[in-house]
Amino acid sequence: MATTATITLHEQDTTRIAAELAERLEPGSVVGLQGGLGLGKTVFAKALAAALGVEDTVTSQSYTMVAEYEGRLPFFHADLYRVRSAPEVETIGLEEYFDRGGVTVVEWCDRAPEILPPDAVVVSFELTEGGTRRITIEERTRNAHDSLEPRQQ
């Protein structure tokens, strides 16, 4: 597993980090976003979508669990804020999006972490003591022997 952590001061930093990650994503990639309210998950999701060529405005879902957008790759944006358990997620069929040849972003993935595939990229957002934000990205891939290996950069 390759892990990188970056301290951010501005929204532009979050946007840059998302754009850099987008360059490494491929069809079938799943990105889980976790962290408290107001720490940048939706900003990150919007920037990731824009970097993948999505022209529509990406918003947090209020009533629908998954929104679909067209870009260089199909972009599926799920928001699990209102979810309380993995069985709830299973009823919406989120795992079906993982195999549709696009990039699936799951905000609040910590609400149902077992739903993420083992090779999902997990992005964590934390507030530091100094009032800045720390964005930590864990990237994993599977090799031919089905074990997790760091993603080559």
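The values are calculated or read from the model by the stated rules, or taken from the named source; none is laboratory data. Every value quoted in this text rests on a predicted model; they were computed, and no experiment measured them. Quick reminder, even Gly has a Cβ in these numbers, built from the backbone with ideal geometry, and neighbours come from all protein chains shown.
Observations, loosely collected:
- Single condition Arg82 does not satisfy, out of (1) under 11 Å from the mean Cα position of the chain (by Cα); (2) in a loop (DSSP other than H, G, I, E, B); (3) charged (D, E, K, R): (1)
- Filter result for Thr104 (surrounded by fewer than 15 Cβ atoms within 10 Å (Cβ to Cβ), in contact with a strand residue (DSSP E or B) (Cβ under 7 Å, 6 or more places away or on another chain) and not aliphatic (A, V, I, L, M)): no
- Against the list (1) small (Gly, Ala, Ser); (2) surrounded by fewer than 20 Cβ atoms within 10 Å (Cβ to Cβ); (3) free of Cβ contacts under 8 Å to residues at least 60 places away in the same chain, the condition Ala5 fails is (3).
- Complete set of residues in the stretch 41-67 that are under 16 Å from Val106 (Cβ atoms), in a loop (DSSP other than H, G, I, E, B) and at pLDDT below 90: Val58, Thr59, Ser60, Gln61, Thr64, Met65
- Within the stretch 23-35, being part of a loop (DSSP other than H, G, I, E, B) and either modelled with pLDDT under 90 or under 15 Å from Phe98 (Cα atoms) (or both) holds for Leu25, Glu26, Pro27, Gly28, Ser29.
- Exclusive hit being touching a residue at least 40 places away in the same chain (Cβ under 8 Å), surrounded by fewer than 17 Cβ atoms within 10 Å (Cβ to Cβ) and farther than 22 Å from Arg133 by Cα, set Asp56, Asp99: Asp99
- Residue in the stretch 107-114 that is surrounded by 12 or more Cβ atoms within 10 Å (Cβ to Cβ), of a type outside the set (S, T, N, Q), modelled with pLDDT of 95 or more and closer than 16 Å to His77 by Cα present: no
- Tally of residues being within 14 Å of Thr104 (Cα to Cα) and in contact with a Pro (Cβ under 8 Å, 6 or more places away or on another chain) across the stretch 1-33: 2
- Here Val31 meets the list (1) surrounded by 21 or more Cβ atoms within 10 Å (Cβ to Cβ); (2) over 23 Å from Thr8 (Cβ atoms); (3) β-branched (Val, Ile, Thr) almost entirely, failing just condition (2).
- Top-ranked residue of the stretch 121-135 - restricted to ones that are modelled with pLDDT under 95 and either of a type in the set (S, T, N, Q) or in a loop (DSSP other than H, G, I, E, B) (or both), ranked as farthest from Val89 (Cα to Cα): Gly130
- Selected residue (criterion: modelled with the lowest pLDDT) from residues of the stretch 136-151 that are in contact with an Asp or Glu (Cβ under 7 Å, 6 or more places away or on another chain) and not in a strand (DSSP E or B): Arg151
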